[in-house]
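Each remark here refers to the structure printed beneath this line.
What follows draws every value from the coordinates through simple rules; no lab data is involved. Since this is a predicted model, take the numbers as computed values, not measurements. Cβ atoms come from the backbone with ideal geometry, glycine included; neighbour counts cover every protein chain shown.
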Amino acid sequence: MPILGAGIIPGGPIGYELEATIRRVFAQCVVVLIYKQNPLLALLLRNAIRASGGVSPYTQPVQTGRYVDSSWIGPAGNFNIPPDIAATVNAQFNLCALATPVTTFGLEQLVTQDAVAVTSRLMLKLNDLKNSAVHRLAEALFSPAPTTGDIANLRMFGLPDAYGTAGTYGGLDRAQFPSWRGLSLPSFGAISRATFLPALLKAAKHAGGEALDFVVTSVEDWSTLMGDFLSVERYNNDPSSRWGKDDPVNSGFRGLLLGDTPIFFDLNCPQGTAFGFNSKYITIVVHEDANFAWTGWYSTIPQGQIASVGLTLTALNLVCSKPSTGCIISGISAPTGPAWPQAPGPN
């Protein structure tokens, strides 16, 4: 409804008359307020692997033991014959389906036809298909897959599953295969350059020398680490330097680089937890026929309603072929200072 009695718009009977007889000026777009960026999910989807049908449609063979064993020998040249063992097992990954339905009521289209509508309500729904799916995927990415409830064993794996230290991942029990475990650094404490750099080295040691490609933190923890960089920031002026109005002084960074490892923030990452990655060994596997695929419109008249329903379908899962190359850093102390405002988001 129009706001009457404010600015140049009168209130009272005159305001009501204007409300009934004068059109309003509408913006030519609808601004979305409830979603947020998903940089890590975008990176994984960009490098996704295509899968096809079959039982356990993505299988990753992994070596869990030694086939041969080197030994020192003496002048006689005697050596031990190694036993022939089976050291390769298959990690199996089933794809999980995410459906995003949308409905359109037949008689509603007579009221909201494009010729008279300010914004097409149907187009708003269709635009929200991708936003809703991406929100659910990002929500799943940073939390473990539920084992109880309505979606038990139906949701895709999250980073806590891929880089976990216990339980089963990809059909392999981590108690039986210790090399299938990620690195866990709990009770981390205050985040700073001095405390975070040893964590990066521990991750490289745990992965057999393969360093992390990048680390993702919450924006609160990232800003705390940024403050540690800013505390030693300095500006140098030589005798010939001059500062003009077109020479702004830049402070801070878009991305932090510590020990040659980039550290970024993701708004979906929970505060107090950071995830380290080696991108060679983790990706999202998407079915080639269910890659945000649109099913088309189907009538609901057989159910006694003049309407149509369609949906996008995505079948995918998070696959890590070498969990030891990633780490979960938890228990990062909350930053001091004013509390961060919470961004609104869908429930």
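Brief remarks follow.
- Since only Ile22, Asn90, Val102 are under comparison, the one whose Cα sits farthest along the positive direction of the charge dipole of segment 1-112, derived from C-beta charges on Lys, Arg, Asp and Glu, is Ile22.
- Sites excluded, trypsin sites (Lys or Arg not before Pro) in DSSP loops with at most 10 other C-beta within 10 Å, longest stretch of the chain: 67-233
- When the chain is treated as a GNM with alpha-carbon contacts under 10 Å, the residue of Gly326, Gly255, Gly276 showing the greatest mean-square fluctuation is Gly255.
- Normalised by the number of residues in the chain, the average gap of Cα pairs under 8 Å and 6 or more apart makes the relative contact order 25 percent.
- Within the straight-line cut-off of under 16 Å between alpha carbons, the aspartates and glutamates reachable from Lys202 are Glu210, Asp213, Asp260, sequence neighbours fewer than 8 places apart in one chain being disregarded.
- Remark: the chain carries a charge dipole of roughly 160 debye about the Cα centre, counting +1 on each Lys and Arg Cβ and -1 on each Asp and Glu Cβ.
- If you run the Gaussian network model on the chain, springs between alpha carbon atoms under 10 Å, then out of Ala140, Ala97, Ala27 the most flexible one is Ala27.
- Subtracting the Cα-Cα distance of Leu4 and Tyr67 from their residue separation scaled by 0.36 nm leaves 14.5 nm.
- Residue order, fewest to most beta carbons within 10 Å, for Phe157, Phe177: Phe177, Phe157
- Residue with peak Gaussian network fluctuation, the chain [Cα springs, cutoff 10 Å], from Gln37, Gln92, Gln28: Gln28
- Projected label distance in nm at Val31 and Arg254, using a 7 Å step from Cα toward the beta-carbon: 2.4 nm
- Taken about its Cα centre, segment 120-253 carries a charge dipole of roughly 240 debye when the Cβ of each Lys and Arg holds +1 and the Cβ of each Asp and Glu holds -1.
- In this simple spin-label model, placing a label point 7 Å from the Cα along the Cα-to-Cβ direction at both Asp173 and Lys130 gives a separation of 4.5 nm.
- Coupling constants for segment 86-91 follow from the phi torsions by the Karplus curve (6.51 cos²θ - 1.76 cosθ + 1.60, θ = phi - 60°), and in residue order they are 9, 10, 10, 10, 9, 8 Hz; glycine and proline get x.
- Using equal-weight Cα scatterers in the Debye expression, the normalised intensity of segment 1-117 in log10 at q = 0.11, 0.12, 0.19, 0.20 Å⁻¹ is -0.83, -0.90, -1.21, -1.24.
- Once backbone amide H atoms are built at 1.01 Å from N, Leu172 has Gln92 as its partners under 5 Å, excluding neighbours fewer than 5 places away on the same chain.
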